[in-house]
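Okay, so here's the structure we're looking at.
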Amino acid sequence: MSYRFDTLAIHAGQPDDDGTGAVSFPIYQTSTFRQIEPGLNKGYCYSRTDHPTRHALEENLAALEGARYGVAFASGMAAIHGVLSILSAGDHIVSTRDLYGGAWRIFTKFFSKFGIDFTFVDTTDHANVIQAIRPTTKLLWLETPSNPLLKITDVAACCAIARRAGVRTVVDNTFATPLLQHPLALGADIVLHSTTKYINGHSDVLGGVVITNDEALYNDLKFFQNAIGAVPGPQDCFLILRGTKTLGLRVQRHCDNAETLAAWLREQQGIARVIFPGFADHEGHAIARRQMERFGAVISFELAANLDETKNFTRHLKLWTLAESLGSVKSLFCHPATMTHASVEPDVRRSVGIGDSLIRLSVGLEDVRDLIDDLKQALDATVVAQRVFA
Ligand SMILES: *Cc1c(COP(=O)(O)O)cnc(C)c1O
């Protein structure tokens, strides 16, 4: 019998405990396991190699992506490291240019030291992907919707191009969640999540996961998970498993709130541009409509303001929390130019469209009317201030 998303979220990987009947899957707080005799154990020997609570999480997350295998890591970055570990010196990656800052950093500052080459292209035009692939290309790296500009890449089209060239495709599905976008069904070989975000959803744990249907790839990933050792602890696994139980509910409400808020923002004075893939006139809307169930809950917008005025606006927000990260029950906002993308040179940053007045919202689960009221009073204060200074 095959279960649907919300059922899998609660049950997959988590049988009732045989020994005690415990209904909640236990946190096995142990680093090692007693062996029956040399060479014989009950399936576990050492917690870096495999661990019951982690195993439950891996099965659960694989099920949510409709896949066979999941490999959990201590953070999204550790998961990215795990994927890149399958490469060797001389290999080449074609990556989307509009990339999570930490991924950009580990590609260009860490793996490039070991002889892995990267080409960054705008994957929203898949002609760029065709052009960038070389004989040594091993991976195509996609992120959609992208951060913070929410550009949409056509996953199926890019996967088809990669497949014809014998290149595997990795999709960082963190922004979309397993509920809204199914990269494996669109032809990807590997799906990756920072479980820190929507999957856990409560801003209280870091984690990452790599998911695939390819057994050989899974064995390689398991090998590197154990060899590198960046594994999540049992309590973290438990918290993420608790998070997934409400993932379906949460993501639907996140999307409801985001759609209401995006439409409202668009009508306000003092805002130059609102970026949301749910808008019919968003560049990638038609593709998003095709490959996503809904449009996610991240919205970016530009104030009609300079840097000082933008900072002034952020100081007026009371309910919204100024913080990096996204996907929390709590509404968060960030100022990419000085936060997530501060390490990018100002002219490069502006040339890709991340200006000084850009704000990224991660719409949470509070009452959307309260979220709107808070933005309204901050906008009023800032628009009024602009008029006074104009
Ligand atoms: C946050 C994030 C990561 C990194 O995850 P951590 O859990 O912070 O290490 C990778 N990709 C995307 C798209 C992210 O948002």
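The values are calculated or read from the model by the stated rules, or taken from the named source; none is laboratory data. The shown structure was predicted, so the numbers you read here are calculated from the model rather than taken from an experiment. Reconstructed Cβ throughout: ideal geometry from the backbone, glycine too, with neighbour counts over all protein chains shown.
Computed values, structure above
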{"item": "Tabulated pairs, segment 155-166, first at pLDDT 95 or above, second assigned to a helix (DSSP H, G or I), C-beta under 6 angstrom, 6+ apart or interchain", "result": "Val155/Gln291; Cys158/Val129; Ile161/Val129; Ile161/Ile130"}
{"item": "Near pairs, Cβ below 6 angstrom, 6+ apart or cross-chain, from segment 59-80 (within 13 Å of Asp214 (Cα to Cα)) to any residue that is away from the ligand (no atom under 12 Å from the Cβ) and part of a strand (DSSP E or B)", "result": "Ala62/Tyr69; Ala62/Gly70; Ala62/Ile211; Ala67/Ile211; Tyr69/Thr212; Gly70/Ile211"}
{"item": "Qualifying residue in segment 150-167 (condition: within 20 Å of Ala62 (Cα to Cα) and touching a His at 6+ places or on another chain (Cβ under 6 Å))", "result": "no"}
{"item": "Unique residue being more than 16 Å from the ligand (Cβ to nearest atom), within 21 Å of Val170 (Cα to Cα) and either surrounded by 23 or more Cβ atoms within 10 Å (Cβ to Cβ) or among the basic types (Lys, Arg) (or both) when the list is Lys197, Lys222", "result": "Lys222"}
{"item": "Some residue of segment 318-332 being surrounded by 14 or more Cβ atoms within 10 Å (Cβ to Cβ) and over 20 Å from the mean Cα position of the chain (by Cα)", "result": "yes"}
{"item": "Lys222 of a type in the set (Lys, Arg), modelled with pLDDT of 95 or more and within 13 Å of the chain's Cα centre (by Cα)", "result": "no"}
{"item": "Qualifying residue in segment 29-36 (condition: of a type in the set (Gly, Ala, Ser) and out of contact with any Ser or Thr (no Cβ under 9 Å at 6 or more places or on another chain))", "result": "no"}
{"item": "Residues of segment 86-123 classified as part of a loop (DSSP other than H, G, I, E, B), under 17 Å from Ala156 (Cα atoms) and more than 18 Å from the chain's Cα centre (by Cα), total", "result": "1"}
{"item": "Some residue of segment 232-248 being within 15 Å of the ligand (Cβ to nearest atom) and under 30 Å from Ser88 (Cβ atoms)", "result": "yes"}
{"item": "Residues of segment 322-355 that turn out to be of a type in the set (A, V, I, L, M, F, W, C), within 30 Å of Thr244 (Cβ to Cβ) and in a loop (DSSP other than H, G, I, E, B), as a count", "result": "4"}
{"item": "Residue satisfying condition, being within 18 Å of Gln291 (Cβ to Cβ), within 16 Å of the ligand (Cβ to nearest atom) and in contact (Cβ under 8 Å) with a residue 60 or more places away in the chain, within set Leu142, Leu180", "result": "Leu180"}
{"item": "Test: residue in segment 59-75 that is part of a helix (DSSP H, G or I) and touching a Lys or Arg at 6+ places or on another chain (Cβ under 8 Å)", "result": "yes"}
{"item": "Elements of type helices (runs of 4 or more DSSP H) contained in segment 229-321, each with 3 or more residues being more than 20 Å from Gln181 (Cβ to Cβ)", "result": "234-244, 247-266, 307-316"}
{"item": "Subset tally (residues that are among the β-branched types (Val, Ile, Thr) and touching a Phe, Trp or Tyr at 6+ places or on another chain (Cβ under 7 Å)) for segment 1-45", "result": "2"}
{"item": "Set Lys113, Lys109: member being free of Cβ contacts under 8 Å to residues at least 24 places away in the same chain and within 16 Å of the ligand (Cβ to nearest atom)", "result": "Lys109"}
{"item": "Single unsatisfied condition, Ala79 versus (1) out of contact with any helix residue (DSSP H, G or I) (no Cβ under 7 Å at 6 or more places or on another chain); (2) surrounded by 19 or more Cβ atoms within 10 Å (Cβ to Cβ); (3) of a type outside the set (Lys, Arg); (4) more than 27 Å from Gly201 (Cβ to Cβ)", "result": "(4)"}
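This table checks each residue for (1) farther than 15 Å from Arg168 by Cα; (2) more than 16 Å from the ligand (Cβ to nearest atom); (3) among the small types (Gly, Ala, Ser).
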position	(1), (2), (3)
Met77	yes, no, no
Ser85	no, no, yes
Ala89	yes, yes, yes
Ile93	no, no, no
Gly101	yes, no, yes
